[in-house]
1. For region 122-159, which residues satisfy the criterion of being modelled with pLDDT of 85 or more, farther than 12 Å from residue 243 by Cβ and part of a loop (DSSP other than H, G, I, E, B)?
2. Of the residues 297, 353, only one is out of contact with any strand residue (DSSP E or B) (no Cβ under 7 Å at 6 or more places or on another chain), modelled with pLDDT of 95 or more and either within 25 Å of residue 165 (Cα to Cα) or assigned to a helix (DSSP H, G or I) (or both); which?
3. So which of 199, 234 is at negative phi, in a helix (DSSP H, G or I) and touching a residue at least 24 places away in the same chain (Cβ under 8 Å)?
4. Taking region 177-194 only, how many residues are at pLDDT 95 or above and out of contact with any helix residue (DSSP H, G or I) (no Cβ under 7 Å at 6 or more places or on another chain)?
5. Please count how many residues of region 155-166 are surrounded by 14 or more Cβ atoms within 10 Å (Cβ to Cβ) and over 15 Å from the mean Cα position of the chain (by Cα).
6. Of these, 258, 298, 243, which one is over 21 Å from residue 332 (Cα atoms) and crowded, with 24+ Cβ neighbours inside 10 Å?
7. For region 256-274, indicate whether the set of residues that are over 17 Å from the mean Cα position of the chain (by Cα), within 30 Å of residue 130 (Cα to Cα) and free of Cβ contacts under 8 Å to residues at least 60 places away in the same chain is non-empty.
8. Can you confirm whether residue 252 is at positive phi and either crowded, with 20+ Cβ neighbours inside 10 Å or more than 25 Å from the chain's Cα centre (by Cα) (or both)?
């Protein structure tokens with residue numbers, strides 16, 4: 001029986017017809033750092049072209065160069081929560097402005113102690129017996145204690161005066177209406193102050209004594225009028241609207257108006273004065289923010305102080321019956337004039353006066369703080385509570 005012959009050669013199937021191959025393209029491999037050129041590398045269509053930046057040449061005979069290892073991506077969320085620079089900056093600004101108000105009070109107390117010490121050293125109380133000399137002394141302390149800390153802030157910080165003290169034109173008619181309207185709102189702020197005074201007296205508090213000396217002659221009257229109705233408004237408007245409000249305004253106009261108004265009120269220490277000055281500060285802050293004209297707030301402040309001096313010395317200036325009539329009629333007359341001014345503003349200058357304005361590019365360089373954020377900036381500022389502590393001390397003195 002025939003046996004099949006074992007063939008040791010492996011079995012190979014019949015070859016398929018030859019398939020067309022894509023053409024081989026020679027592409028220079030990018031040079032490594034420090035090399036003048038690179039070796040040509042065969043490139044097959046279908047693979048991504050080799051980009052620059054590989055640190056080693058492709059191995060010999062390779063069809064393409066391998067990609068470098070992927071760099072791990074940064075974590076999407078940081079472990080530490082990022083602080084909002086608006087809130088941090090607003091809190092620091094409130095701290096700084098509150099510190100300047102504390103320096104005002106310390107400077108005033110220091111000046112008074114220096115005068116008392118000098119009088120005791122020379123053994124003379126002439127300055128306290130001479131009413132005219134006491135008025136001069138009071139007027140001299142006002143610019144020093146009120147304006148000096150804020151002036152130092154502007155000079156040491158090398159601030160841009162034109163962005164803090166602004167005097168943009170508003171027109172005579174519009175400006176006059178705004179001044180009368182602002183004055184009437186300030187006069188209306190007397191009524192909440194009277195209510196607070198009556199409430200404190202019902203709990204046993206004494207009436208706050210006026211720091212101004214009693215006027216006994218026309219010479220003293222004109223001197224006090226010049227100081228309280230001219231010098232004091234200039235110094236306080238420079239400090240509180242010009243510097244303080246503008247220093248806070250970069251974090252929002254609403255935040256600056258409210259915070260500056262509260263700080264302006266608390267700088268007066270006595271609870272009754274705090275209520276009136278806070279409301280008046282809101283009015284004048286709004287007026288300055290809307291018009292960017294510091295002269296208008298100076299005019300409102302000056303008229304309010306002048307009216308106060310005239311009413312306090314009405315018995316010196318007028319007969320008793322006329323003085324009694326003026327005490328009631330004069331404030332009501334200015335309130336009525338202010339109400340008429342508001343109506344005229346609504347008719348002729350509504351958009352200019354009460355329209356919403358966009359952020360001021362001069363002083364507002366970031367999104368404004370919201371109401372909750374503004375309150376948080378004031379509450380979290382330690383120096384703000386230092387100023388509030390002065391008010392509490394002033395209130396406690398009334399019960400002694």
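1. 158
2. Only one candidate qualifies: 297.
3. On the way: 199 fails: touching a residue at least 24 places away in the same chain (Cβ under 8 Å).
Result of the check over 199, 234: 234.
4. Total meeting the criteria: 0.
5. 1
6. Exactly one of 258, 298, 243 is over 21 Å from residue 332 (Cα atoms) and crowded, with 24+ Cβ neighbours inside 10 Å, namely 243.
7. There is at least one residue in region 256-274 that is over 17 Å from the mean Cα position of the chain (by Cα), within 30 Å of residue 130 (Cα to Cα) and free of Cβ contacts under 8 Å to residues at least 60 places away in the same chain.
8. Yes, satisfied.
The values are calculated or read from the model by the stated rules, or taken from the named source; none is laboratory data. The structure presented is a predicted model; accordingly, all values stated were derived computationally and were not measured. No Cβ is skipped: glycine too gets one built from the backbone with ideal geometry, and neighbour counts run over all protein chains shown.
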